[in-house]
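Enquirer: What follows is a structure written as structure tokens; I'll ask about it next.
The values are calculated or read from the model by the stated rules, or taken from the named source; none is laboratory data. What you are looking at is a predicted structure, and each value in this text was computed from that prediction instead of being measured. Neighbour counts run over all protein chains shown; Cβ positions are idealised from the backbone, glycine included. In case anyone asks, the SASA skips ligands and DNA or RNA and just uses the protein heavy atoms, side chains included. Shrake-Rupley method; radii C 1.70, N 1.55, O 1.52, S 1.80 Å.
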Amino acid sequence: MNETLLLRGGRIIDPAQGIDGTLDIQVVDGAVTKIGAGLEAMGRTIDVSGCIVTPGFIDLHTHLREPGFEQKGTIATETLAALRGGFTTICAMPNTNPAPDAADVLRSLRERIERDARVRVLPIGCVTRGRAGKELAELAELAAGGCVALSDDGNPVPNARLMRNAIELAAAMGMPISEHCDEPELSHGGSMNEGRVSERLGLLGQPEAAETSAIARNIALCEATGARLHIAHVTTARGLELVADAKRRGLAITCEVTPSHLFLTEEAVFGPGAEPAYDTNAKINPPLRTEADRRALVSGVNAGIIDAIATDHAPHAVEDKLCEFDDAAFGISCIETALATVTTLIERGELELGAAIRALTSGPAGVFPFPPDLGSLKTGARDITVIDPAHLWTVDPRRFASKGRNTPLGGFTLSGAVRAVVFDGTVAYEMEPAGA
Amino acid sequence: MLELRNPDAPAVPGEATAWKRKDLLDTDTLSEAELHLIMETAEAMREVRARPVGKVATLRGFTVITLFYEQSTRTRASFEVAAKALGADVVNLTASGSSVEKGETLIDTVRTLEAIGADLVVMRHPKSGAPYLAARNTAAGIINGGDGTHAHPTQALLDLFTMRRHVGDLAGKKVTIVGDILHSRVARSNLWTLLASGADVTLCGPATLLPKTLAASTGEGARCTVTTRMEDAIEGADIVMALRMQKERQDRGLIPSLRQYIASYQVNSRRLALAKPGALVMHPGPMNEGIEIAPEVAHGLDSVIEEQVANGVAVRMAILYLMATGRHA
């Protein structure tokens, strides 16, 4: 259904066009036709005064779990969660079973997406066959089948020579590699950040050097090939410095940060009490780091060094987390809280509004080869997210659309919520009115 | 009824000395009053053990289940003897040959034990934090009998009891712990009780086996020294505790060789000469004699290693008594 709408009186922020002002936006037959002051109403008028109107968000890093792990999440449940979180385009990581490493698996995945998805889902293919890190996947088939990037996310490509070849081949086919940068020999067995809290809790940690040494290696490979490379979820201040330096030198490097790493630190594993909580919902890979790292990542978004805020939404079944810390699965279900953590950081004066919106829209739009004008409100755009920055709400995982209730934010009061989402020309989501 | 209080003992300053905890998971949050209560109760239990029939019936009708996911000789036996000396019924479970091998989760296991009628579950588990998970999911009292590389509170309490019997007030005393501190649940739990008792603690071992931030995160950094230099660590010590050094640390490349460890860190008579005359020698067991500790020291005049084991029964009786009676208070 292509709707005709007037969104009246909101603050429109479209970093792609450099727009930031209190304006109206007109949608005719599902597509943006006009942005301006005092536009004449056509079709339905929605008063969005006090709200922020942005392009639909783009998530470069989402786990949908289907096929293979439907007890954790399905394309239907997780794309509904994405929609409620304000994301209209999401890139599905290939941590599935089977994993999309060739045309047949990819075709079946695309059929499922066509049938069930509530937002635009663009697949990310595997770098190596079965994500096993041994031999390259059918890269040409993945490119032909519409993959926007390649990744063995969760499994870094361990062999530097194989990685070099993959970067070069994939770039020639127009697909960057999104690499989970981790030196497995250093991080092996670690279930949280190595440091103060891991020593206190007697848990084996993943050192900062596991991330930074892998980032350094991959930057060197990017430089050696001249090909594009995307660094998935940077978590350390030092890792971010390496990326910033590579960018200064003009290398084709981009990077992302998760809202979890912007909002939380390793202390979340210990929890707020005097006795340790060993909170498995704060177990994530790469791990939550220190407050100094967190602050550096926030600054990195503000400075534009970080191209995108990507969720790494990772839903899990209850039993995957209700167990001993070392045995618990990595990951946070966060696509429904991502925007609220960002707006809460804006409210606290840490993140800058314009920079944060850029990192959710035009920033990620430039990272993978998306259809033109995605992540903007240019004429013809069909995705809009409306944010109510003042809406206070308390996170109740039981109310998630996602099957994954695994969040360390349960009970947190956050400032800011998605008020409405226009996806592909239709008002696909509207927040229930207060008190409903 | 067992007379636990020594009528001549001074009252503990501050709060009333009733035991209020459902669980004993670590020593890190024990107050001075709670430590005092455990020590005082353990002293009474030691007297019970010294009687011709070292048993009482105080915990008749209570059920204590030991649930061990890891091999143990002394801790499990010590708890069993302690529980039986108080008249409790004891059931011993190990992970092998039980429902755990059939895939039952820890939570289901402890809930099953609660349903069977366990008042207290003594638990040892190879994963750090596992007893916290258990404690949150059962009404039974959980006693941590050692979790991974995290905590071993009853060991620290029996160590404290043994130290106080010999040294008295620990304030200002230098206690040196030598070995694989980073992976030691004994060292971690001892750190809390020793700092709470006013001792100065020195942690010593090869650089790869030392914690880098633990001293600072105790909030008592000034009284906790971490060093790789054995001679500095042992110099002037009132108490020297050697920890078990596992061959596996060599296999993982954390130390070049056991031979080199022995050369640099073994507690032997030559090194002990640097400590205060008559410094106590301790070890949580089981010992690798000739590796972390020389036999002549382990069995020397200043060794209290066997007494630690004997005191372990009295301290565990005290903990079982306080927790069991506290449940129905």
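Enquirer: Mind telling me which of the residues A:THR337, A:THR341, A:THR290 ends up being touching a helix residue (DSSP H, G or I) at 6+ places or on another chain (Cβ under 8 Å), β-branched (Val, Ile, Thr) and within 14 Å of chain B (Cβ to nearest Cβ)?
Expert: Being touching a helix residue (DSSP H, G or I) at 6+ places or on another chain (Cβ under 8 Å), β-branched (Val, Ile, Thr) and within 14 Å of chain B (Cβ to nearest Cβ) holds for just one of A:THR337, A:THR341, A:THR290, which is A:THR290.
Enquirer: When segment A:24-41 is examined, which residues are found to be touching a strand residue (DSSP E or B) at 6+ places or on another chain (Cβ under 6 Å) and either open to solvent by 40 Å² or more (accessible area, probe 1.4 Å) or within 21 Å of A:TYR429 (Cα to Cα) (or both)?
Expert: A:ASP24, A:ILE25, A:GLN26, A:VAL27, A:THR33, A:LYS34, A:ILE35, A:ALA37, A:ALA41
Enquirer: Also, quick follow-up: Could you tell me which of the residues A:LEU297, A:LEU264, A:LEU322 is among the hydrophobic types (A, V, I, L, M, F, W, C) and closer than 25 Å to A:ILE219 by Cα?
Expert: Unique residue meeting the criteria: A:LEU297.
Enquirer: Pull up segment A:214-266, narrow it to residues that are under 21 Å from A:ALA160 (Cα atoms), of a type in the set (S, T, N, Q) and open to solvent by 10 Å² or more (accessible area, probe 1.4 Å), then point me to the one that is farthest from the chain's Cα centre (by Cα).
Expert: A:THR225
Enquirer: Condition check: of a type in the set (Val, Ile, Thr), in the same structural domain as A:GLU135 (by TED's automatic domain parsing) and open to solvent by less than 10 Å² (accessible area, probe 1.4 Å). Does A:THR79 satisfy that?
Expert: yes
Enquirer: What residue, among those in segment B:158-179 that are assigned to a loop (DSSP other than H, G, I, E, B) and open to solvent by less than 10 Å² (accessible area, probe 1.4 Å), is nearest to the other protein chains (Cβ to nearest Cβ)?
Expert: Ranking the candidates gives B:GLY179 first.
Enquirer: Continuing with the same structure: Yes or no: segment A:352-359 includes at least one residue that is outside the structural domain of A:VAL418 (by TED's automatic domain parsing), open to solvent by 50 Å² or more (accessible area, probe 1.4 Å) and not in a helix (DSSP H, G or I).
Expert: Scanning segment A:352-359 turns up at least one residue that is outside the structural domain of A:VAL418 (by TED's automatic domain parsing), open to solvent by 50 Å² or more (accessible area, probe 1.4 Å) and not in a helix (DSSP H, G or I).
Enquirer: Identify the residue in segment A:293-328 that is within 14 Å of chain B (Cβ to nearest Cβ) and in a loop (DSSP other than H, G, I, E, B) and, among all such residues, is farthest from A:THR265 (Cα to Cα).
Expert: Among residues in segment A:293-328 that are within 14 Å of chain B (Cβ to nearest Cβ) and in a loop (DSSP other than H, G, I, E, B), the one farthest from A:THR265 (Cα to Cα) is A:ALA317.
Enquirer: Residues that are within 21 Å of the chain's Cα centre (by Cα): which strands (runs of 3 or more DSSP E) entirely in segment A:25-134 hold 2 or more of them?
Expert: Counting at least 2 such residues, we get A:52-55, A:57-62, A:87-92, A:120-125.
Enquirer: Test B:THR73 against the stated conditions and say whether it is touching a residue at least 60 places away in the same chain (Cβ under 8 Å) and open to solvent by 60 Å² or more (accessible area, probe 1.4 Å).
Expert: Here the answer is yes, as B:THR73 does meet what is asked.
Enquirer: Determine, yes or no, whether B:ASP147 is farther than 20 Å from B:ILE38 by Cα, charged (D, E, K, R) and away from chain A (no Cβ under 14 Å).
Expert: No.
Enquirer: Name the residues in segment A:177-207 that are within 11 Å of chain B (Cβ to nearest Cβ) and assigned to a loop (DSSP other than H, G, I, E, B), would you?
Expert: A:HIS188, A:GLY189, A:SER191, A:GLU194, A:GLY195, A:GLY202, A:LEU203, A:LEU204, A:PRO207, listed by residue number.
Listed here are the residues, each with its yes/no results for (1) open to solvent by less than 10 Å² (accessible area, probe 1.4 Å); (2) at pLDDT 95 or above.
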| position | (1), (2) |
| --- | --- |
| B:TRP192 | no, yes |
| B:CYS204 | yes, yes |
| B:ALA207 | no, yes |
| B:THR227 | no, yes |
| B:ILE234 | yes, yes |
| B:ASP238 | no, yes |
| B:GLN246 | no, no |
| B:GLY253 | no, no |
